[in-house]
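Participant: Following this message is one structure expressed as structure tokens.
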Amino acid sequence: MSTDSEKSGPLAGVKIIELAGIGPAPLCCTLLADMGADILRIDRNAPSGLGSPRTPKTDLLRRSRPSVSIDMKHPKGIAALQALIDQADAIIDPFRPGVTERLGVGPEDCMARNPKLVYGRMTGWGQDGTLSQAAGHDLNYLALTGVLHAIGPKEIPVPPLNVVADMGGGAMFLAVGILAGVIEARQSGKGQVVDIAMTEGSAFLGTGAFGTLAREIADKGVTVNHILPGPFDTALLRRVARDIVQRPDLSEEEAVQEYAKHGPMKRLGTVEEFGSLCAYLCSRKAGYITAQGVAMDGGLVTALY
């Protein structure tokens, strides 16, 4: 890796090992390198065949940092990589869950040798859970969070290239996580794992839009696809109200009235007025935001109906 004097910028002196990947991981590293971080990219000995083929002149996400190729399936290659990681502040792992563990350079292996290491990981679905080993692309993550529903007509959503889930929900969140981890490690002497899921990042990026949706439901009794308005789904409201109060003995209409006793309003006149609860539920990060709105589970947006 280069000496500190060769780099300038706010991140000069921060040493990062980048395991070569495609898309969001290289963008994250480009951003950090542009700010002065000393990044060494570890390439495969042969092209992986992943992503769109690019010539060196057009592969703009490789700028601002050198690279070397290492055979990570050979013991000597892993030994060389471990020696580099021992001297680093952070490492960026773009692979599927479990890959670096099988290679012998997973978080436990690396942090046992370098306790201050910040181990950045980025996947579409996160390191565990039912989808962790599933293949996925930007469009999948964006659709699951509901953000895709709000872009373009309902019948034909318009994918915003891969700049929202991959680059926004992935690369930018990983960059922030790495920086926060490095600051903490310099203060406490302890590294940590930064686990970025592009699905979660996409949902977070939609926070403002979800709040707008809740407000418009509350104020106007309509749901919003940010291009075309949609109808207010009172049948869905009734079903969700019964789920919220957890009283299967009540009718859907009775459930709405029962919830109103404990909600932000003293009286709820009609089912249509139930939309005003959306903003309240959104602020609590619990329950449901309804009427073709957002279903939330523990603060994570899971669907947009």
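The values are calculated or read from the model by the stated rules, or taken from the named source; none is laboratory data. In this text, all values refer to a predicted model and were calculated from it rather than measured experimentally. Cβ sites come from the backbone with ideal geometry, for glycine too, and all protein chains shown count toward neighbours.
Participant: Within the stretch 109-146, track down each residue that is within 14 Å of I196 (Cα to Cα), among the β-branched types (V, I, T) and touching a helix residue (DSSP H, G or I) at 6+ places or on another chain (Cβ under 6 Å).
Facilitator: V118
Participant: Taking the stretch 100-150, which residues are at pLDDT 95 or above, more than 19 Å from M72 (Cβ to Cβ) and surrounded by 18 or more Cβ atoms within 10 Å (Cβ to Cβ)?
Facilitator: Hits for the stretch 100-150 are K116, V118.
Participant: Could you check A185 against (1) outside any helix (DSSP H, G or I); (2) modelled with pLDDT of 95 or more and say which number it fails?
Facilitator: If we test A185 against (1) outside any helix (DSSP H, G or I); (2) modelled with pLDDT of 95 or more, just (1) comes out false.
Participant: Please work out which residue is modelled with the highest pLDDT, limiting yourself to the stretch 213-224 and to residues that are farther than 26 Å from W125 by Cα and out of contact with any helix residue (DSSP H, G or I) (no Cβ under 7 Å at 6 or more places or on another chain).
Facilitator: E216
Participant: For the subset of the stretch 40-66 comprising residues that are among the basic types (K, R) and closer than 26 Å to K7 by Cα, which member is modelled with the lowest pLDDT? Give the derivation first.
Facilitator: Let us first name the residues in the stretch 40-66 that are among the basic types (K, R), namely 41, 44, 54, 57, 62-63, 65.
Retained after the next criterion (residues that are closer than 26 Å to K7 by Cα): 41, 44, 57, 62-63, 65.
On the way: R41: 96, R44: 87, K57: 78, R62: 90, R63: 90, R65: 94.
Out of the qualifying residues, it is K57.
Participant: Still on this structure: Applying the selection to the stretch 180-194, what residues are crowded, with 16+ Cβ neighbours inside 10 Å and in contact with a helix residue (DSSP H, G or I) (Cβ under 8 Å, 6 or more places away or on another chain)? Give the derivation first.
Facilitator: Taking the stretch 180-194 and keeping what is crowded, with 16+ Cβ neighbours inside 10 Å, we get 181-182, 185, 191-194.
Hits for the stretch 180-194 are G191, Q192, V193, V194.
Participant: How many of the residues in the stretch 14-23 are more than 21 Å from I78 (Cα to Cα) and at pLDDT 95 or above?
Facilitator: The qualifying residues number 1.
Participant: Another question, then. Any idea which of V182, V194 is in the same structural domain as I92 (by TED's automatic domain parsing), over 16 Å from the mean Cα position of the chain (by Cα) and under 26 Å from K116 (Cβ atoms)?
Facilitator: Working: V194 fails: over 16 Å from the mean Cα position of the chain (by Cα).
Exactly one residue qualifies, and that residue is V182.
Participant: Please state which of the following conditions D93 fails to meet, knowing it meets all the rest: (1) surrounded by 13 or more Cβ atoms within 10 Å (Cβ to Cβ); (2) without any contact (Cβ under 8 Å) to a residue 60 or more places away in the chain.
Facilitator: Tallying (1) surrounded by 13 or more Cβ atoms within 10 Å (Cβ to Cβ); (2) without any contact (Cβ under 8 Å) to a residue 60 or more places away in the chain, D93 fails exactly one: (2).
Participant: List the residue pairs whose Cβ atoms are under 8 Å apart, where the first residue sits in the stretch 55-83 and is assigned by TED's automatic domain parsing to the domain that holds D166 and in a loop (DSSP other than H, G, I, E, B), the second is among the aromatic types (F, W, Y) and modelled with pLDDT under 95, and the two are 6 or more positions apart or on different chains.
Facilitator: none
Participant: Now a separate question. Listed residues G206, G191; which is of a type outside the set (S, T, N, Q) and farther than 29 Å from S52 by Cα? Walk me through how you get there before you give the answer.
Facilitator: On the way: G206 fails: farther than 29 Å from S52 by Cα.
Exactly one residue qualifies, and that residue is G191.
Participant: What's the number of the only condition in (1) in a helix (DSSP H, G or I); (2) touching a Gly at 6+ places or on another chain (Cβ under 6 Å) that A175 fails to meet?
Facilitator: Looking at each condition in turn, A175 falls short on (2).
Okay, residues lined up against (1) within 23 Å of the chain's Cα centre (by Cα); (2) surrounded by 13 or more Cβ atoms within 10 Å (Cβ to Cβ); (3) closer than 18 Å to V193 by Cα:
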| residue | (1), (2), (3) |
| --- | --- |
| A37 | yes, yes, no |
| A46 | no, no, no |
| R54 | no, no, no |
| D59 | no, yes, no |
| S64 | no, yes, no |
| G77 | no, yes, no |
| A80 | no, yes, no |
| Q87 | no, no, yes |
